[in-house]
Structures are given as structure tokens and as C-alpha cells.
Amino acid sequence: MPINHFLLIYDIRARRLDRFTSFGTDVEQALHAYAELEREYRDRADHQDFEIVLLGADSRATLEHTHSRYFTERDAVPF
């Protein structure tokens, strides 16, 4: 089963997924997009309020199960 690559931006303060991008099996494009977002967000005054995460899985459904904190709104952010 091929690994698909997903790029997420999670807004910690708002407790919600801000962006979800699927790159299919194109790891190079996923890594490039991840690096670009890291550069973009690191210079923002509110950078600590966001998680930029690159994940691999067979499907979004799997991610929603294994990384559910990014896909459900919660009263508190678990760490």
C-alpha cells in the first residue's frame, strides 16, 4: 500500500485544523511545501500558535484515527 503525504496547519489557539493538503505519493512536493510553510510561519509574531505537520499514511481516514487531535475541536489542547 503506498504512503500518501499530508500537510496540516493546526491553529492551537483556535483549536482547529486551519489547512489540510494532500500530496498523494509525491514526497518531494510535500517536503518542499512543508519547508516553505516553516519559513513563512517562523517569522510571524504568532508562530507559536500554529503546528505545521507533515504526515504519511494510506488515507485521510487513517490520519483522522491516528492523529485525531488535529481533526476534532477540543476544550483543551492535549500535549
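Residues in region 6-35 that are among the acidic types (Asp, Glu) and either under 18 Å from Glu64 (Cα atoms) or exposed (fewer than 12 other Cβ atoms within 10 Å of the Cβ) (or both): Asp11, Asp18, Glu28. Looking only at region 5-40, how many residues end up being closer than 25 Å to Thr72 by Cβ, of a type in the set (D, E, K, R) and assigned to a loop (DSSP other than H, G, I, E, B)? So the answer is 2. Can you say whether Ile3 is of a type outside the set (Gly, Ala, Ser), touching a strand residue (DSSP E or B) at 6+ places or on another chain (Cβ under 8 Å) and surrounded by 14 or more Cβ atoms within 10 Å (Cβ to Cβ), as far as the supplied structure shows? So Ile3 does not fit the description; no. Put simply, of Asp49, Asp58, Asp75, Asp43 the only residue that is at pLDDT 95 or above and either among the aromatic types (Phe, Trp, Tyr) or exposed (fewer than 12 other Cβ atoms within 10 Å of the Cβ) (or both) is Asp58.
The values are calculated or read from the model by the stated rules, or taken from the named source; none is laboratory data. In this text, all values refer to a predicted model and were calculated from it rather than measured experimentally. Every residue, glycine among them, receives a Cβ derived from its backbone with ideal geometry; neighbour counts consider all protein chains shown.
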